[in-house]
Amino acid sequence: DQKQATHDDLVGHALTVMLDGYDTSGTALLHALYYLAENPAVQQKLRVEILSSMASEKSLDFEKLSSLQYLEQVIYESLRLSSLIPQYTKVCTLPTVIKLSESKSLDVEDGMTIMIPNYQFHHDKQYFPEPEAFKPERFDNGAYQELMRKGIFLPFSDGPRICMGVPLAMLTLKTALVHILSNFQVVRGRDRLIAKGDSGFGVVLQGDVILEYRRFFR
């Protein structure tokens, strides 16, 4: 028999769509635009890549969007600096021994809740030199896959419970950035802002984000 969705089921799905499908993507886009406004050389390099790909067409299809490597690096670097979810919780399903050093180990029992501090990973200078600097080149030459494999870069979590909306989120961010940067120069207003955790959800820029969009014609 097919299960009927309850009122709580519908409310839960609607909340998931709003938080995971809308709020996080909007926040990630705002952060990316802010960092691009703060780093005009990076913004110009990305714009050149975008306009070069659009030289023969006014819009980009999925395949061309996927080929914009620097665009992807910019998004990853923005997600590294401003982790939307600063830590993840996982529940152990199999007894595991984690080796901490030659003389120390940690027994993780079935059912134990584990906290993964991905924000700390993303700002660890051992893996990301000058961790507070915005440097998309960190993710050049397949570095993203290698950092994911090591469990050092986890913008969408990892494993069987990785965010199901990763392809949609990346497509949304790429499409929005392409349309904005191919038509506008984004300039930062007021003072430099710092991204840090708030009392609500995730890591956000502290203060009013003032961005000026200057139209230019191709």
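The values are calculated or read from the model by the stated rules, or taken from the named source; none is laboratory data. Quick caveat: nothing in here was measured; it's all calculated off a predicted structure. Heads up, the Cβs are rebuilt from the backbone with ideal geometry, glycines too, and the neighbour counts pull from every protein chain shown.
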Test set (1) loosely packed, with under 12 Cβ neighbours inside 10 Å; (2) out of contact with any strand residue (DSSP E or B) (no Cβ under 8 Å at 6 or more places or on another chain) - residue 124 fails condition number: (1)
Yes/no for residue 22 being in a helix (DSSP H, G or I), within 20 Å of the chain's Cα centre (by Cα), aromatic (Phe, Trp, Tyr) and at pLDDT below 85: yes
Extreme residue, nearest to residue 178 (Cα to Cα), among residues of the stretch 49-77 that are surrounded by fewer than 12 Cβ atoms within 10 Å (Cβ to Cβ) and in contact with a helix residue (DSSP H, G or I) (Cβ under 9 Å, 6 or more places away or on another chain): 59
Answer residue from the stretch 146-164, given it is touching a residue at least 24 places away in the same chain (Cβ under 8 Å) and within 13 Å of the chain's Cα centre (by Cα) and is farthest from residue 78 (Cα to Cα) among those: 163
Of all residues in the stretch 97-119 being at pLDDT 90 or above and not hydrophobic (A, V, I, L, M, F, W, C), the one that is surrounded by the fewest Cβ atoms within 10 Å (Cβ to Cβ): 103
